[in-house]
Amino acid sequence: MIPAIDGASLLRALDELARIGAIEGGGCARLALSDEDKAGRDLVTGWMKALGLEVRVDAIGNVIGLRAGRENVSPIMTGSHIDTVRTGGRYDGNYGVLAGLEVVRALNASGITTRRPIAVAFFTNEEGARFQPDMMGSLVYAGGLGLNEAYAAADRGGVSVGDELRRIGYLGLAKPGALRPHAFLELHIEQGPILDEEKVRIGVVESVQGISWTEYTVTGVSNHAGTTPMRLRRDAGYLAASVTLFARKLALDMGGHQVATVGSLSLRPNLINVVPNRAIFTVDLRNTDEAKLKNAEARVAAHIAEIAREERLDVEAKVLARFEPVIFDAGLVDRVEHHARALTLGTRRMPSGAGHDAQMMQRLCPTAMIFVPSVAGLSHNVKEHTEPADLVAGAEVLLNLMLELAER
Ligand code: HGY
Ligand code: MN
Ligand code: MN
């Protein structure tokens, strides 16, 4: 029997997982290694076992469900993440993991044992919303970050990754990356407006743009908002606000794929009548072109230095994440396009604006991504939505591509 995706099962699983950490408006909040993340992990791990997968938890909490093949050779792996940002939607990451489980369900239902084993993974802390860097679990898996460095990463409250992994019971024994895939595929929502605007059903992802995350701690002098003349101020909040404006203008001036975001900003003492003496804010810069990204970083840094000098402020910069653009395996990208078109689905090649675990897995093996449309390009927003027919279509492309690769 030809295996096919059980669309109803996929949609049910997405709904059930979305109930964990559910927030107003239909989204999810399952910050990495939180109680909600643990509950999501427990649910998905249970589904893996129910599908007959051998479940392995590694030392950074990555979870891999393994389905034996006819031969004991390197597996075809698919996966993504099930941690979310605080205002998360229900598809970002979750969709790729649950579609991977539906591939397994389809193989089970058709009684097929593929030559290569099949693996379905979810990686720890892809979002980087609580602990940085993002894509932490897959970065450790790919050998790009040491375990101890990852364990030491702490959230704003000083709680560390290592302590949280232990607390939620996901500090596993398997060595990250010991299971080296023959190929890795990640099915994901686009999270941007392109496929939806162009009415194209499948995005054939050729690359992931470079990411630069920096946290700035600015120190000035708190003073009375009424009595302190402007010439005497050392206003930390002024620098933070100035960077927000500068970064936006920089991205617009540079054009192309350049984007810039000051997404997190806190002032101290944060009172209406006190000039702030401390500002902590983050700058997220991205570009598909590494040289342009470097140029953007340099221009932001120069602006900050200039304002700090004028306003007599101290500034400390801390790099939270820095990944160069990643190009996926051309042959595998071609196969994504082939299988989408074989299902008469329209396709368009594109870069990924968001970071993904796949960008780390490309360090280990040929990797590619499949995108489905995000309605109105919304993501990291509770209104994130993808049409059910597109969710199922993406999973069918994943199934057919994995079947091909698993027989090679
Ligand atoms: O920030 C990102 O692109 C991803 O959601 N971690
Ligand atoms: Mn994601
Ligand atoms: Mn995300």
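Computed quantities for the displayed model
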quantity	calculated
Selection status of Val372, in the same structural domain as Ile23 (by TED's automatic domain parsing) and under 16 Å from the mean Cα position of the chain (by Cα)	yes
Where a residue in the stretch 353-367 is closer than 16 Å to Glu190 by Cβ and its partner, wherever it lies, is away from ligand 3 (no atom under 16 Å from the Cβ) and in a loop (DSSP other than H, G, I, E, B), with Cβ under 6 Å and at least six apart	none
Selected residue [touching a helix residue (DSSP H, G or I) at 6+ places or on another chain (Cβ under 7 Å), more than 16 Å from ligand 1 (Cβ to nearest atom), assigned to a loop (DSSP other than H, G, I, E, B) and more than 16 Å from Ile118 (Cβ to Cβ)] from Ile5, Ile20	Ile20
Top-ranked residue of the stretch 360-369 - restricted to ones that are more than 11 Å from ligand 2 (Cβ to nearest atom) and within 16 Å of the chain's Cα centre (by Cα), ranked as surrounded by the most Cβ atoms within 10 Å (Cβ to Cβ)	Met361
Given (1) open to solvent by 40 Å² or more (accessible area, probe 1.4 Å); (2) in a loop (DSSP other than H, G, I, E, B); (3) closer than 15 Å to Leu165 by Cα, number of the condition Lys38 does not satisfy	(2)
Single match in Tyr216, Tyr238 (criterion: outside any loop (DSSP other than H, G, I, E, B), touching a residue at least 12 places away in the same chain (Cβ under 8 Å), open to solvent by 70 Å² or more (accessible area, probe 1.4 Å) and not acidic (Asp, Glu))	Tyr238
Among the candidates Leu171, Leu107, Leu165, Leu147, residue that is open to solvent by less than 10 Å² (accessible area, probe 1.4 Å), over 22 Å from Glu396 (Cα atoms), touching a helix residue (DSSP H, G or I) at 6+ places or on another chain (Cβ under 9 Å) and in the same structural domain as Leu14 (by TED's automatic domain parsing)	Leu165
Unique residue being under 26 Å from Pro181 (Cβ atoms), out of contact with any His (no Cβ under 7 Å at 6 or more places or on another chain), within 16 Å of ligand 1 (Cβ to nearest atom) and open to solvent by 40 Å² or more (accessible area, probe 1.4 Å) when the list is Arg349, Arg322, Arg335	Arg322
Of the criteria (1) among the small types (Gly, Ala, Ser); (2) within 16 Å of ligand 2 (Cβ to nearest atom); (3) assigned to a helix (DSSP H, G or I), which one Gly162 fails	(2)
Scope the stretch 357-376; condition among the β-branched types (Val, Ile, Thr) and more than 21 Å from Asn125 (Cβ to Cβ); matching residues	Ile370, Val372, Val375
Residues of the stretch 226-235 that turn out to be in a helix (DSSP H, G or I) and surrounded by 11 or more Cβ atoms within 10 Å (Cβ to Cβ), as a count	1
Among (1) within 16 Å of ligand 3 (Cβ to nearest atom); (2) open to solvent by less than 10 Å² (accessible area, probe 1.4 Å) - the single one Leu391 does not satisfy	(1)
Residue, farthest from ligand 1 (Cβ to nearest atom), within the stretch 110-139, restricted to residues that are on the phi > 0 side of the Ramachandran plot and within 17 Å of the chain's Cα centre (by Cα)	Asn125
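Residues are listed down the side, and each one gets a yes or a no for (1) open to solvent by less than 50 Å² (accessible area, probe 1.4 Å); (2) in the same structural domain as Asn400 (by TED's automatic domain parsing); (3) more than 24 Å from Ala153 (Cα to Cα); (4) of a type in the set (A, V, I, L, M):
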| position | (1), (2), (3), (4) |
| --- | --- |
| Gly263 | no, no, no, no |
| Pro276 | yes, no, yes, no |
| Asn295 | no, no, yes, no |
| Ile304 | yes, no, yes, yes |
| Ala340 | yes, yes, yes, yes |
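The values are calculated or read from the model by the stated rules, or taken from the named source; none is laboratory data. Quantities reported herein were computed from a predicted structural model and do not represent experimental measurements. Cβ coordinates were reconstructed from backbone atoms using ideal geometry, including for glycine residues, and neighbour counts include every protein chain displayed. Side chains are part of the model used for accessible areas, which takes the heavy atoms of the whole protein and leaves out ligands, DNA and RNA. Shrake-Rupley method; radii C 1.70, N 1.55, O 1.52, S 1.80 Å.
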